[in-house]
Structures are given as structure tokens and as C-alpha cells.
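Everything below concerns the one structure shown next.
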Amino acid sequence: MPFYLKDRDISSDMAMVHSVLIVPCRFCPAASLAVREEKPYIEPFRKFLRTPSYESYIQVLKSRLESEGIRTGVFDSKLPHQFVLCMWTSGRRKDLARHAVGYDALIILGCDAAVETARSCLKSNDCRVIPGMEAEGIMNVIPNLQFPLNIWLEVSNVTKVFAPS
């Protein structure tokens, strides 16, 4: 049951930011984009464990920031056990801390838990943590296998998530 995430307007958060590291979680955001764009979640023979619509989303975000004169990078891993940001190993968290040193800000593409995980990795407050997405709810999904082993997600419903007051 992944979170159903939507884009967050980050334009006001980008004031005085000259460099940004995009930190993608590869579970909930990828599932959300695949569902929203009605595209496959996983195409193993084309992209292995990557979601094409999410990869495109990351590249568009990167290009947009670069067109505004902001230096960008993407904190990436090809290892499947590193895909879910809120479940990163201590080694992966230390790796993020090392990479973040060269940037003014991190844009976290994930839920609130992903944002807090990234924030807890940083040793100082010099690098801002900017949530790039926000949760609308939790998706109940039905995986659907289509030729040739492509996995599509069908949403049966989205349960709203309420923030504590």
C-alpha cells in the first residue's frame, strides 16, 4: 500500500539556492506517477526495476532547475534494497550525508518519512531539505501482469491521510 503522492510547488523554497541534489525514493513516487499517467510501474526488459514515467519526471525536474541556473545532481543507486528511502541502511544514509556537502539543498521526492530520513542524515543545517511531494492518501493497488512481464498498477481506492493538528 504505497502513498499516493502529488507534486508540491517548490518555487518559493528555491530562493537563494544555487545547487540542489535530487533524492528520489523509488517506491511510492514511482507508483504514484505510473498510476497517474496510466503507464507501467515496471518494465523489466526495457528498464529493469525503473519506472519510465518516474525517470522522465526526475529528468524534467532536473532540466527545469538547470534552465533556471541551478546546478543539479541526482542521488541514485541501482541496488534494489536501496530503493525505498525510509528503509535505507546506515551506509546509504552516510553516503547521502557525504554527497549533500556539495549542495545548498536536497529535494526529496517521497513521503514525509522519506523527508525525515534525509533530514536525519545531515550533520549540519547548512543544507536545506525541501519536500518535493506531498501525500494525498494511501493507495490500494492491484498489480496486473501484462506481456512481456510488465507490471501495471490499478488503484482500487485512495484512503485520505489526515495531518495531526
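Each reported figure results from applying straightforward, stated rules to the coordinates on display, with no laboratory input. Computed from a prediction, not measured in an experiment: that's the story for all the values here. Quick reminder, even Gly has a Cβ in these numbers, built from the backbone with ideal geometry, and neighbours come from all protein chains shown.
Does region 21-77 come out rounded, prolate or oblate by the C-alpha gyration tensor, with a ≥ b ≥ c the root eigenvalues, rounded set by a/c under 1.5 and, if not, prolate when a/b is larger than b/c and oblate if not?
Judged from the Cα gyration tensor, region 21-77 comes out prolate (a/c at least 1.5, a/b above b/c).
Please report the relative contact order for the chain, taking Cα pairs under 8 Å with a sequence separation of at least 6, and give it as a percent rounded to a whole number.
Relative contact order here is 32 percent.
Give the percent of DSSP beta bridges with both residues in region 3-158 that are antiparallel, rounded to the nearest 5.
Here the antiparallel bridges make up roughly 50 percent for region 3-158.
Averaging over every viewing direction, what projected area does the convex hull of the Cα atoms of region 109-157 cover, in nm²?
5.0
Would you calculate a helix-derived [θ] at 222 nm for the chain, using -39,500 (n - 2.57) for each DSSP H run of n ≥ 4 and dividing by the full residue count, to the nearest 500?
So the calculated ellipticity at 222 nm is -9000 deg cm²/dmol.
Test of understanding: in a Gaussian network model of the chain with alpha carbons linked when under 10 Å, which of PRO143, PRO24, PRO40 would top the mean-square fluctuation ranking?
It is PRO143.
In debye, nearest 20: dipole of region 3-158 around its Cα centre with unit charges on the Cβ of K, R (+) and D, E (-)?
580
Give me the count of lysine pairs in the chain whose alpha carbons sit under 22 angstrom apart, restricted to pairs 8 or more positions apart or on different chains.
For the chain, qualifying lysine pairs total 11.
Give the average over all directions of the projected area of the C-alpha convex hull of region 3-158, one decimal, in nm².
9.0
Please build a GNM for the chain, connecting alpha carbons under 10 Å apart, and tell me which residue among ALA15, ALA105, ALA34 fluctuates the most.
ALA15
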